[in-house]
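Written out below as structure tokens is the structure these notes cover.
The values are calculated or read from the model by the stated rules, or taken from the named source; none is laboratory data. A quick note: this is a predicted structure, and the numbers were derived from the prediction, not measured. Cβ sites come from the backbone with ideal geometry, for glycine too, and all protein chains shown count toward neighbours.
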């Protein structure tokens, strides 16, 4: 129960490191046993590992910079508290007896919290105080345990950084004080601080502390999951602490998943009045996800890609079930693994150079596989006859072509993402977010099918065509920035065109300054356009504006605007093809939704159903295979019993059931000698009873009082 | 600490006061009583008789002294022992073991304590005994005098006797009584308890071994006797260091007692309880006001003291509540009136309160719900409301509660309440909720 | 007022110093002192002091003990998780650590008393002060009675002083015990509060100004809050706001009326959050800036909104319905075409709107799921993550599991969220919960 959280998917338990190691080995062997040659298997395995390593490292970096802001403010707070203690201004003196407390709002995605807390306590240790202890509810059932935890935690941490005599002294402290009280801690703290203040300015002591020697480092206690704590225990602990706050600069950090009002629910006024609470809001998990996707999905850096379906599955798991980014990453990892495991051609799924290199060493089998790729087939059909023949027969030629194709694929990616961003930059500001508020949604749309054929896109373009100048220019500027950062050739000159358009806009301004009279009629239509209005309205106005446009000649601004929109549209049409259009896209794109669902969003019920109704699915025993849903009599007893019970009504007569079972089972016998046929002997009887009790255990039937020797059926239809 | 001071006829007033304080405080704090308890002469004689038999003639005995708390059981015993110990042979003969049910919470501890009090630790040393009985027997054996003919009489005093009855199958009691029955060693077992039904607590085998002697201290004291007792408790003995002061003091005490208002007060106390201890509290409070400046106890002191004693705690506490909490209390009172003291929960109380607010036009009391909850919490903390024991899982708002204050207390508190808004007063008085 | 304390046997100077530290508590202090008597005299075996929080109980005692240097042991019963700790502290502060170390591993009262008696008798009264004495009731039964008559048990001049917010009546064990001497510390009157609060004035402002500020503060808050600690907190909270105009130089310290005009509305707002202690003063100021723009003052209690995954929201809604609707009404609510169950005969007037008064009722898991599937739009597979969300809602305290953890078969739950909370939730998934609630038909 304690590990459960909204984000608890199938991955809530971290595998211990050595376990993971074992796993790796087995993985490798798997890759090798796989159909392709061992060396390619190893290569793929290595690629997979490298990619994952890369992802992991980058996520950590990401995590840190995402949490930096809140952590910094938190550190600031803690420093202020510890400094206010010694030389307080009036306000802080008024609150001298209160324990500074930071209430950290983390959102309901509990599995992600551990990372946050670990990084937080590290930061605290580095920059504020060596004395940090973090508690979890499940270890603090009673006040005794909590105190014990705190003492041990603190003394151990210090023991770790200090020499031995300290160690066993502290140890005996804990041992000796059968009743570990805060007084012990106080004495210990005083000794520590005296020691560390008069010896060399501390190994652990940061500048902030050392530069004002009279200031003592606070003792920070972190409550990881406040909700789960027993309120009584918490209250008592706080009460005790408040008696020592003058001798021992304490500070609390509450990790809150739901809402700050939990503090009030847990603590009565008499206790909460001892705290000086300050709120800290951590960034929402949706933003977090956005950044993660931005970093790992919407970039050509990572050769490995997800098709629209897989992506949407992962995203929907995130939004429907758990807000856990961690689990999202796990999903990504799974997809990665699966891809490299199942797709032999994934050797080509890596950086351009490596891919080209690998392409040269493809063996015949791989090439055959390539020839079988649907996208490749499509490509072949596009070529002339003899070229087709060459491609299908000549391996070396194929290799070269492959390299070419890989190049194009990479180029495609290079151009795809910047264009995507531009489009998003332009359309995200439009009313109703026709193409999605998040770039993620736009991306999915583009993956799905040619975006320019979707009417949302068209109407968006129309809206663009009537956007007011200032807005347009702003978003164009953003596009320009996006493009500027890209190195590919096409993007470069796209960028140039854009710049050029922009400066023409400026010239327009200048012109306007010259001739203000004209400016009126020019800018009037967009001006009187209501900023926020619903789509229907807009289209109506749009129509009548078309009228007007037909009627009177276009102003230079409008011409320019149309031109710009055309340009953007052209950009989209040339670069935002869905990946299916690209030959060899299977190499990079992972597409099997079923596996992902199956692994990430397991449904125990259905799997039980499957196992019972057609056992061969799991047993992989073809002899059990049957057509038209009937069951072979060689199937396990429970399957047979289950099958039979499906045909019964609400109440099942055990004896009839047994009879039926007996007949089916004896049908399995090779020679149905007449007398024994369908007889119920002890063995059958026992097997039947076991099967029934197993079914009962699985919750399909239960014994009932209504009728003697009957059982009640509990399930209806297939759920 | 002996009271025997030099017989100097006169001493400075300050010194006298100090002496008075010392003597009387000792009297009130640890029941060092003035000579002879009044009104319990019979019991006194009886007990002394019993103990002398044990101490002098080596007869075994067991007796229970039963009486309400503060009725002077311990003092009776103490005074009897005092008298006995003045006789030389008793003094050198009798051994005493004082056990207290509060301290010796089980028989193992009790036995250790006995050993200690008989100074036999070194004798027992590291011996291990099969049973409790053996152990006790050994102890008594060890007490034999040099000529090994008869062993010294031991007096066992069991304070809070009823608590011993709760020990695991009453081993200690059984053995003590058993010894007192058999003639292996002269022991006297004196139990002090405030439970009249104490015999019911004893197991059959234990009860059968107990000589059903009981000394009851159920004081059927008349008011005049009570007054005498008060005077006795206040007045100084003639061996006081400064005789003249003593006379003055006693005289003033006499006047005090005869004062009408004082008698009324004492009457009230008398009606509440006749025992020593409550009286001592009262007198202690008076005594504490005796200073150099005011070397006698005035009637006013007694009145104030009694006011302190008889003050109602809950009303005092109600006085300190904030308006919010007071409103809640009143709402609860109304609920109690309507539903004949059925338990209620915060939601209901809040509704009741809201009803009141709706009737009021001005909205100076509409506090945000969290504030109300806090107020309710506080009341619960003060145990002015008590949760009806139900499932602890229920949220605070829905926990069923009972009000622990009665309407008279509420009303009294409202009268005293500083700056109590009139509309709230009216609301409290209004019959309909 | 100070220096009112006087008693023979104590040093005048010390008394004076003590008196200065005890504003508005001279009476109680004097009372106590006279009860204590001179150092060598006996004091009443046990004194029970009760009074509201922040009425100076422990303060008075501590000051007397410290200033008069009486031998004493002060301990809070919260801290004494075991009696061993209690004994140990008492012995240590009376006789030093080496005596305290004589205690056996899990000491009984007897050991304590024995060790105590072996020490030299007191030349002057020793005091054992126990704060939060109400917790002694939870300790083993004969601890409290023994402490009350400790003087008699150890035959030494020792006095036990119990401090508590709870009246003595609730302490008395059923067979009675030695009655302590009761002493009540009344709450401070308005004048006294004024006097005390004025003492901690801001150094950079004149005393008059601050006392004026305090009087304003009391004018607003005294009616609702008499807790000194709370008032002090409020004072600290709002003072910066109070002297804003002074800082800006718009107003002189002298024209108090303007100042009053300036602060009054803010205090009125603060009324709503009195007792809640949601924010430190620092954040309070930030919030007030915020409120300049938004115009709404929000405390902790204001952010009750919780961001939940889609299905969790529906699970929560389903749980709410399950725990506030009688089971028999489900048919009417959730069957697409429930034959002919008319409002009239399925509404029972007598039980109308009681469910929201009596609180949530427990419901089995399958009922929850049934309602969930009928409430949520679109078909949801009963996947593992759905079930795990239920358990996680429990850990978030939004659901409460009433049946035992070990009972795997058909666990029972309760919904633990408020009506407005659920309304917010259902608004976000635009589901009109009011239509489905039996109480509001």
- [ ] Tell me, please, whether a residue that is surrounded by fewer than 19 Cβ atoms within 10 Å (Cβ to Cβ), within 7 Å of chain C (Cβ to nearest Cβ) and touching a helix residue (DSSP H, G or I) at 6+ places or on another chain (Cβ under 9 Å) can be found in region A:310-319.
- [x] yes
Open item on the list: Condition (residue is more than 10 Å from chain C (Cβ to nearest Cβ), free of Cβ contacts under 8 Å to residues at least 60 places away in the same chain and surrounded by 20 or more Cβ atoms within 10 Å (Cβ to Cβ)) applied to region B:307-317: is it met by at least one residue?
Closed with: no
Task: Enumeration of residues in region C:7-21 that are in contact with a helix residue (DSSP H, G or I) (Cβ under 6 Å, 6 or more places away or on another chain) and surrounded by fewer than 21 Cβ atoms within 10 Å (Cβ to Cβ) - done: C:7, C:10, C:14, C:17, C:21
Task: Residue match in region A:417-435 (condition: in a helix (DSSP H, G or I), surrounded by fewer than 19 Cβ atoms within 10 Å (Cβ to Cβ) and free of Cβ contacts under 8 Å to residues at least 40 places away in the same chain) - done: yes
Open item on the list: Consider region C:1-57. How many of its residues are in contact (Cβ under 8 Å) with a residue 60 or more places away in the chain, over 30 Å from the mean Cα position of the chain (by Cα) and assigned to a helix (DSSP H, G or I)?
Closed with: 2
Task: Residue list for region C:169-200, filter: surrounded by 18 or more Cβ atoms within 10 Å (Cβ to Cβ), facing another protein chain (nearest Cβ under 8 Å) and more than 30 Å from residue C:123 (Cα to Cα) - done: C:187
Open item on the list: Tell me whether region C:201-224 contains one or more residues that are farther than 19 Å from residue B:324 by Cα, buried (at least 18 other Cβ atoms within 10 Å of the Cβ), free of Cβ contacts under 8 Å to residues at least 12 places away in the same chain and more than 11 Å from chain B (Cβ to nearest Cβ).
Closed with: yes
Open item on the list: I need the full set of residues from region C:151-170 which are in contact (Cβ under 8 Å) with a residue 40 or more places away in the chain and within 18 Å of residue C:185 (Cα to Cα), in order please.
Closed with: C:160, C:161, C:162, C:163, C:164, C:165, C:166, C:167, C:168
Open item on the list: Can you confirm whether residue C:153 is crowded, with 16+ Cβ neighbours inside 10 Å and either at the interface with another protein chain (Cβ under 9 Å from one of its Cβ atoms) or within 30 Å of residue C:256 (Cα to Cα) (or both)?
Closed with: yes
Open item on the list: From the list C:136, C:147, exactly one residue is part of a helix (DSSP H, G or I) and facing chain B (nearest Cβ under 10 Å). Which is it?
Closed with: C:147
Task: Count - residues of region B:88-131 that are away from chain C (no Cβ under 14 Å), part of a helix (DSSP H, G or I) and surrounded by 15 or more Cβ atoms within 10 Å (Cβ to Cβ) - done: 3
Open item on the list: Please count how many residues of region A:230-256 are assigned to a loop (DSSP other than H, G, I, E, B) and either surrounded by fewer than 23 Cβ atoms within 10 Å (Cβ to Cβ) or in contact with a strand residue (DSSP E or B) (Cβ under 6 Å, 6 or more places away or on another chain) (or both).
Closed with: 5
TODO: Name the residue, out of A:301, A:264, that is free of Cβ contacts under 8 Å to residues at least 12 places away in the same chain and away from chain C (no Cβ under 14 Å).
DONE: A:301
- [ ] Identify the single condition in (1) part of a helix (DSSP H, G or I); (2) surrounded by fewer than 18 Cβ atoms within 10 Å (Cβ to Cβ); (3) within 13 Å of chain A (Cβ to nearest Cβ) that residue C:98 does not satisfy, given that it satisfies every other one.
- [x] (3)
Task: Members of region C:388-417 that are surrounded by fewer than 16 Cβ atoms within 10 Å (Cβ to Cβ) and either under 15 Å from residue C:313 (Cβ atoms) or within 12 Å of chain A (Cβ to nearest Cβ) (or both) - done: C:404, C:405, C:406, C:408, C:409, C:410
Open item on the list: Please pick out the residue among A:411, A:353 that is within 30 Å of residue A:476 (Cα to Cα) and surrounded by fewer than 22 Cβ atoms within 10 Å (Cβ to Cβ).
Closed with: A:411
Task: Counted residues, region C:372-387 - those being under 22 Å from residue A:699 (Cβ atoms) and within 11 Å of chain A (Cβ to nearest Cβ) - done: 10
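One line per residue, one yes/no per condition, for (1) in contact with a strand residue (DSSP E or B) (Cβ under 9 Å, 6 or more places away or on another chain); (2) more than 30 Å from residue A:313 (Cα to Cα); (3) modelled with pLDDT under 85; (4) not assigned by TED's automatic domain parsing to the domain that holds residue A:360:
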{"site": "A:375", "(1), (2), (3), (4)": "no, no, no, no"}
{"site": "A:437", "(1), (2), (3), (4)": "no, no, yes, no"}
{"site": "A:445", "(1), (2), (3), (4)": "no, no, no, no"}
{"site": "A:461", "(1), (2), (3), (4)": "no, no, no, no"}
{"site": "A:469", "(1), (2), (3), (4)": "no, yes, yes, no"}
TODO: Please work out if residue A:558 is in a helix (DSSP H, G or I), surrounded by 17 or more Cβ atoms within 10 Å (Cβ to Cβ) and at pLDDT below 85.
DONE: yes
- [ ] Looking only at region A:104-114, decide whether some residue is at the interface with chain C (Cβ under 9 Å from one of its Cβ atoms) and in a strand (DSSP E or B).
- [x] yes
Task: region C:101-123, residues that are under 37 Å from the mean Cα position of the chain (by Cα) and part of a loop (DSSP other than H, G, I, E, B) - done: C:101, C:103, C:104, C:105, C:106, C:107, C:108
- [ ] Scan region C:357-371 and give yes if some residue there is at pLDDT below 90, within 14 Å of chain B (Cβ to nearest Cβ) and in a helix (DSSP H, G or I), otherwise no.
- [x] yes
